[in-house]
Each structure stands twice: as C-alpha cells, then as structure tokens.
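Only the coordinates and a few stated rules stand behind these numbers; no lab work does. Remember, predicted model here, so these are calculated numbers, not experimental data. Virtual Cβ from ideal backbone geometry, glycine too; neighbours counted across all protein chains shown.
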Amino acid sequence: MFEVLVFVYENYWRGDACPELQQLGRKLSAHGFEADEINDALVWLDGLNLAAQNTQLSPELEEPPAEMPQQAATSMRVYSVAEQDHLGAECLGFVSFLESSGVLPAPMREIVMDRAMAAPGGPVPLDDLKIIVLMVYWSFGEEPDALVLDELCDDVEFRVAH
C-alpha cells in the first residue's frame, strides 16, 4: 500500500490535483500496481480525504462548534494502548518530535494518528509513518518546510555524522 501512496504523492503534488478515486484506481492499475495494493490505498486515501475535509487547521472561527473542542496550548496527548502497540515507541517519539518542533499542529497530528491506525499490520515502521505524515500535509495542500521535508524523505541510514 505504501508504494502506491508514494506514487500518488510523487505524481499528484497536491491533494486537490489528484483525480477521483475510481479514476485514480484505473491509473494505478495501468502503472502495474496489484489490485489488492490499489484497493487498500484507495480505502486509506478515502479516509484521509474525509478527515482532511472535516478538519480546520487555522483558528478562523471565533467560536468552534460544540462537537469540535479546541486543544489548549497546555494540554497533553495521551496515547491509547492500541496506539502504543500499533505505532511503537519510535513512531510515537517521531510524532512527538514533529509536534514539539511546531511543524505538526494538533489537528494534523490527530489525522496522522488516525491514518497510522488505519495502516495494515503493525507495528508501523518509521519509514511508513513518514509517508503518512507526508500524505497528511499533501491532503491539506501544504508543503512542509525544507528541513521537515528533508527529515521525512531523507534516508537516515546514509547520513554522515559530523
């Protein structure tokens, strides 16, 4: 599934440039992806689209609707046992790093968590979580800044420590 998501990210730079899911499925099939991978990715992307459409990143509303409570600056996210098991310490640490760095606002973090929990298998490898984070940015038509993009796309295995 993640190979399909990478293909979608690379070929449709913004989420709004991506074709409808049915047409996307045909294009992915034409590029040689297997039907199971395509189906998993399309279901996952549908969930991402739904989450992105129902999320507001900037506090433009003076008063949010009652069903959308806002997170206080002093609040702390507590991960459920299921989230801890499915993501593992490395992925949760990375999410915490992005959030504390100020590059992953709470609404986007929640979508990352939702889509990570929707990923098959477990625990989710860090490289797959990075793809999920990229896809969440992509769904909002946002591009992470260069340092974040480098952290998400760079293979740390080949980095040289100075």
Practice problem: Quick one: what are the phi-derived ³J(HN,Hα) couplings along region 95-107, Karplus 6.51/-1.76/1.60 with θ = phi - 60°, whole Hz, x for glycine and proline? | Solution: 4, 4, 4, 4, 5, 5, 7, x, 9, 10, x, 3, x
Quiz item: With the Cα gyration tensor of region 1-58 giving a ≥ b ≥ c as the square roots of its eigenvalues, does the rule (a/c under 1.5 for rounded; else a/b larger than b/c for prolate; else oblate) give rounded, prolate or oblate?
Solution: prolate
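Quick one: which of 121-131, 139-149 comes out on top by average Cβ neighbours within 10 Å, and what's the full order, highest first? Intermediate results must be reported in sequence, preceding the final value.
Details: 121-131: 16.8, 139-149: 14.1.
My ranking of the peptides, most packed first, is 121-131, 139-149.
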Quiz item: How many angstrom separate the Cα center of region 10-51 from the Cα center of region 98-120?
Solution: 20
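Can you order the peptides 2-14, 76-88 by their average number of other Cβ atoms within 10 Å per residue, highest first? It would help to have the intermediate numbers written out before the result.
Numbers: 2-14: 15.9, 76-88: 13.2.
Answer by packing, highest mean first, reads 2-14, 76-88.
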